[in-house]
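Enquirer: Quick one: the structure is below, and I'll ask about it shortly.
The values are calculated or read from the model by the stated rules, or taken from the named source; none is laboratory data. Model, not experiment: these values are computed from the prediction. Cβ placement follows ideal geometry from the backbone for every residue including glycine, while neighbour counts extend to all protein chains displayed.
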Amino acid sequence: MRHVAESTEPLSEPVLLLLASLAKEPLHGYALMKDIEAMSNGRVRLSTGTLYGALRRLLDWGWIERFQTDDISRDKQAYRLTSLGRSQLKAEIARLKELARLASAGLRTREAR
Amino acid sequence: MTRELYRLLLRLYPRHIRDEFGDEMLAVFSAAAHDGGGLWFLLRECLGAVHGAARERTFAPALGPAIAGVAIAAALHWMLYSWLGRLLSTAATRLSGPLVHEDVLELAVMGLFALLFLIPLIVLLGREIQRDIERKRLRPTR
């Protein structure tokens, strides 16, 4: 399987949080929802429809994959990050760091005047 | 009862999505509802399901039906505008005699068709194709 170039578009906050959550460990839908809510201090509360819309797209792009757990019931499907997903997350983190660096530099320049 | 409502809303999704994620979505909804589902929760979930289903149907249409839909819409519009053109030219001939040529009026109506339907359609299709190219560029390929 070959992968194309990394994303150049910024990721939406729910997708970024979803990838960050799966970077820690494989999780199933409801655990993901709760983890995203906890990571954002209750600010981001995904509905089930939004969560599964994002999961479907990420599966489609090959950024995440299904993960077999001991619990094989269909409604307890776990997901985990793929190597492509991990590199996309790293690229996004680098982009955000660069943005923060630029914004901080701008502020420092302004304050030095 | 809320579970049954949500199950009903899931029917808005395309069948292949429902087959793949329906059971999981229903289980996640039930767990979330069990943990504290008030009116606001139910409203958010219902809107999320409707929005999600609309998104799946809008942004991932099957290519064949989409092309067929556009072709049928174009044909219907063309019939409507040509009928309107003939109607107008007949009326104009009756009113002004030979002053306004029928063909000129029909051509004007066809021009209006192009302006109101074809050009916006081409612009919209162009944008959608551009988005599709971008999406495919981001997707893994085999």
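Enquirer: Hey, can you tell me all the residues within the range B:28-43 that are under 15 Å from A:LYS34 (Cβ atoms) and under 30 Å from the mean Cα position of the chain (by Cα)?
Expert: From the range B:28-43, those under 15 Å from A:LYS34 (Cβ atoms) are B:28-37, B:41; that's our starting set.
Residues satisfying the conditions are B:VAL28, B:PHE29, B:PHE41.
Enquirer: Filter the range A:79-98 for residues that are in a helix (DSSP H, G or I) and either at positive phi or aliphatic (A, V, I, L, M) (or both) and give the result. I'd like the intermediate steps shown before the answer.
Expert: At the first step, the residues of the range A:79-98 found to be in a helix (DSSP H, G or I) are A:83-98.
Within the range A:79-98, A:LEU84, A:LEU89, A:ALA91, A:ILE93, A:ALA94, A:LEU96 meet the criteria.
Enquirer: From the residues in the range B:31-56 that are in contact with a helix residue (DSSP H, G or I) (Cβ under 9 Å, 6 or more places away or on another chain) and at pLDDT below 85, which one is farthest from B:LEU124 (Cα to Cα)?
Expert: Taking the candidates together, the pick is B:ASP35.
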